[in-house]
Structure formats: C-alpha cells, structure tokens
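The structure appears below as structure tokens.
The values are calculated or read from the model by the stated rules, or taken from the named source; none is laboratory data. Everything numeric here is computed off the predicted structure, so don't read it as measured data. Counting neighbours? That spans all protein chains shown, and the Cβs are built from the backbone with ideal geometry, glycine included. All accessible areas refer to the heavy atoms of the entire protein, side chains included, with ligands and DNA or RNA removed. Shrake-Rupley method; radii C 1.70, N 1.55, O 1.52, S 1.80 Å.
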Amino acid sequence: MLKYVDRRGTSCSKWDALKDQFGEDGLLAMWVADMDFDTAEPIKKALHDYVENVPFGYYEMPQSWKDAFIEWEEKYHGYKVKDEWICFAPGIVSAFYWTVAKFTKPGDAIILLAPIYYPMMNSAKLQDRKLVMCDMIRTGNTYEVDFEKFEKDIEENDVKIFIMSSPHNPGGKIYTKEELIKLMEICKKHGVLVISDEIHQDFEFNGHKHIPTATLGDYDDMLITMASVSKTFSLATGQNSFVIIPNEEMRASYKDYLKVVHGYDGNAFGYIAAEAAMREGRPWFEEVKAQIWENYCYVKETLEKETKVVVQDLQGTYLLWLDFGAYCKTAEETKELLQGKCKLALDYGNWFGRGGDDFAQFGRMNLATSLENVKEACDRIIKAVK
C-alpha cells in the first residue's frame, strides 16, 4: 500500500530548502518535481542487499542496468533502443548543459516552446547561447504548437538546437503523433538538432499515450532522447539518467565531452536503485499513478466549482498548470496570493517564461503527494480568493 512520508527535517530540497527558494519556511511544499511517497520495496531491498554485502569501492556501469532500460522502453513505450546508443548522465539537466556545450558555440540559437521547464532556458542563457522562445497557443485547457511561428523563428534566428519537453512541462500535455512529426520535419528541413526530454514519459493519463519521438521516422541523425526513471520512482538522489544517441559520430562527440567534464561515472546506488525499479517496481508505480489521478480530479472538481481558477488538462506528468488570471495578472500579485495569503510553495508561472510578468498568472502544482495535502492546498486557495 502506498505510504505518505513527511520529509521535513531530512535535508529534502522540496521541504527543507523553502527559505532558499521562497524566502520563508513553513509553506506547504508543492513545487519541485519529486514525490512524498515511501520508496518502492524492491528498490529498498536491492540497496539494502548491496549495503550489507559489498564494499563501497569504485563501480562501473552495469550491463544489467542497460538491459533493464532496453526492456522497459520496448515493453511500455514501443521504443527499441540499441545497447550501444545508451550514454550516461547524472541527470537530465546536466545533459542539457553538456549537449548545448558540445553541439553549439557561443552565440548560436536554441529554440524552446514556451512556457517551458526553466533549466532548459538556463542551459542556453548561462552558456552564452541565444535563447529563442516560441510561445504555444492556449486552446481551452491545453496548449497547441504555433507551427508557422516555430518555423519562422528557426529561419530568422538560424537555430541550431530545439530542446523539447515531451510530455510537456509545465503544461501537462502529451503531444500527438501528428504534432511530433510536424515538429521533427520542420527541424529536419532546417538542419536543427532535437533534444527530446522524455523524463516524464511514464505518466500517461485519461487515455493519452506518450509516443517516443525516436519511433516516428528516420530521425536518428538529428535526435538525442533523454530519459530516466528518477521521476517515475522518485530517485533523483541516485543521479542516474539515460542519454540515447543513435548517430555514431554524435555519440562519440558526446562521450569525448564527458571525458572533459569527467561526467561518465555514475554511483553504485543510482544504478542499483534504477535497475531494481525497472525490473520489479511497476506495481508500486501504478499505485502512484492512481493517487496522482485522484489528486488531479479533486483539484479540478473543487477549484472549478468553488473558484475561477482554470485547471489545465492533465494528460502527462504529475505537474498541474493552474491559471489564476481571474485574481492576479502580475508576478507580484501571484506571489501575494499563493505565498502571502495561501502559504503555498508552487512553482511560479513566470519562472517558465522570459521573466517579469510572462506567464505570471500561472502556478505549477506538484500532485505527487497525499490527498490530504492536496485538499489543504485547495482549501487555502478557496479561502484566499473568496
């Protein structure tokens, strides 16, 4: 049975770093994307066996870890990954920075579909690349791609890399086959390298099905796929991610760069935890998905009945995009509502845009927690707006 864990006082970034991120403690933490659930038993058992029986010396990437990932991708996503394509990164964010550093030069343009996960923007801005933000079109309770603008932005800025979040973070959107193909064909036409971040691939809801970008056509020479079970099983501390590079020349370049930054080694605990999760953790994950969906349904029904907050459709991820536009327009007003009045720690909408008041009316709520926390958050929002 799924168990909620109070993580306060455990050096947990989500709960114990509130003052660093929000300037005050004591907020109800529903921001950064990790979970408040007890670790799956197969993971704990595998780590316990290792701790009990093996000295903590140097450790090499296990073949069994790669095999487990290959099996997981084919079984659950229909993506047949070849062993030699798999490269390592401690985390997807690190991989953004490394691929941008290796495959572009200062001044080159990187395009993103906004709103977007802010470390993607930082990987361009902090490395002196030109950041091109192509706003998506909000239609009803989801987003659509403005393909005409996307291609125009690529042409006008001589874009070198498109970094894509699929499923989309923060919008919770799962792209359709047609949308993905259209994006890839535009990039292929203009010689743009695509980085497809699919870390949330396992979170699929309400009949929506994640489609790995790599399965849709002849894109091996222009595509790098990034994935991890760190979101699926809340294993971020394991520092363990997959970078899939089918093109031999690009793969060799990436591995050469890893030597420069000394980033090719993972830790034993991350490998062991990830492999155990993929081999035996699926029942636990299905419980997690059920809890997230229950939480989403409660938020949607409650806030749309009691307030004018617009709740975005949750197709993928466990991150819910909330529109507080009926109550606030600026970043300052949104902070006063969510943090000042509600005492909630949500990711602010303007973090996912150009700054200032870009997407300022939105907040991103993490649903991977107890229903009790979700109810408390909704009660605080309702009380504040009324």
Name the trypsin sites (Lys or Arg not before Pro) in the range 324-367 that are in a loop by DSSP and that have at most 16 other C-beta atoms within 10 Å, would you?
329, 343, 354
Set 19/343; 102/231; 14/375; 149/182; 19/329 screened for pairs whose C-alpha atoms are more than 22 Å apart
102/231; 19/329
Stokes-Einstein diffusion coefficient of the range 158-314, Kirkwood radius over Cα pairs, 10 °C, 1.306 mPa s, in µm²/s:
89
If you work out Cα extents along the principal axes in Å from the coordinates, which of (i) 59, 55, 36; (ii) 59, 58, 38; (iii) 81, 58, 48 do you get?
(ii)
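Give me the percent of accessible area attributable to carbon and sulfur for the chain, probe 1.4 angstrom.
Details: 7830 of 16300 Å².
Accessible surface attributable to carbon and sulfur in the chain totals 48 percent.
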A student applying the Cα gyration tensor rule (rounded when a/c is under 1.5; otherwise prolate if a/b is larger than b/c, oblate if not) would label the range 128-188 prolate
What size of dipole, in debye to the nearest 20, comes out for the range 1-100 about its Cα centre when the only charges are +1 on Lys and Arg C-beta atoms and -1 on Asp and Glu C-beta atoms?
120
Please state the shape class of the range 71-164: rounded when a/c is under 1.5, otherwise prolate if a/b exceeds b/c and oblate if not, all from the C-alpha gyration tensor.
oblate
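Taking N as the number of residues in the range 98-219, what is its Cα Rg relative to 2.2 N^0.38 Å?
Details: Rg = 13.8 Å, N = 122, 2.2 N^0.38 = 13.7 Å.
Output field value: 1.01.
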Charges only on Cβ, +1 for Lys and Arg, -1 for Asp and Glu: so what's the dipole of the range 104-163 about the Cα centre, in debye to the nearest 20?
320
Please list 254-267, 22-35 highest first by mean number of surrounding beta-carbon atoms within 10 Å per residue.
22-35, 254-267
Run down the lysines and flag those whose C-alpha is under 17 Å from the C-alpha of residue 177, throwing out any fewer than 8 positions away in its chain.
188, 209
Gained length - residue 48 relative to residue 189, 0.36 nm times residue gap less alpha-carbon distance:
45.7 nm
With a/c under 1.5 counting as rounded, go ahead and sort the range 1-105 into rounded, prolate or oblate using the C-alpha gyration tensor (a ≥ b ≥ c being the square roots of the eigenvalues; past the cut-off, prolate if a/b is larger than b/c, else oblate).
oblate
Computed about the Cα centre, the charge dipole of the chain from +1 Lys/Arg and -1 Asp/Glu charges at the Cβ has a magnitude in debye, to the nearest 20, of 640
How would you order 157-169, 309-321 from highest to lowest mean count of nearby Cβ atoms within 10 Å?
309-321, 157-169
Scoring the chain by relative contact order with C-alpha pairs under 8 Å, at least six apart, yields a percentage of 22
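Assuming R0 = 25 Å, what is the FRET efficiency of residue 137 and residue 181, from their Cβ-Cβ distance, to the nearest 0.05?
Values: r = 18 Å, r/R0 = 0.73.
Efficiency for this residue pair is about 0.85.
Provide the packing ranking of 371-378, 193-200, i.e. peptides ordered by the mean count of other C-beta atoms within 10 Å per residue, highest first. Write out the running numbers ahead of the final one.
Working: 371-378: 17.9, 193-200: 24.2.
Descending packing order for the listed peptides: 193-200, 371-378.
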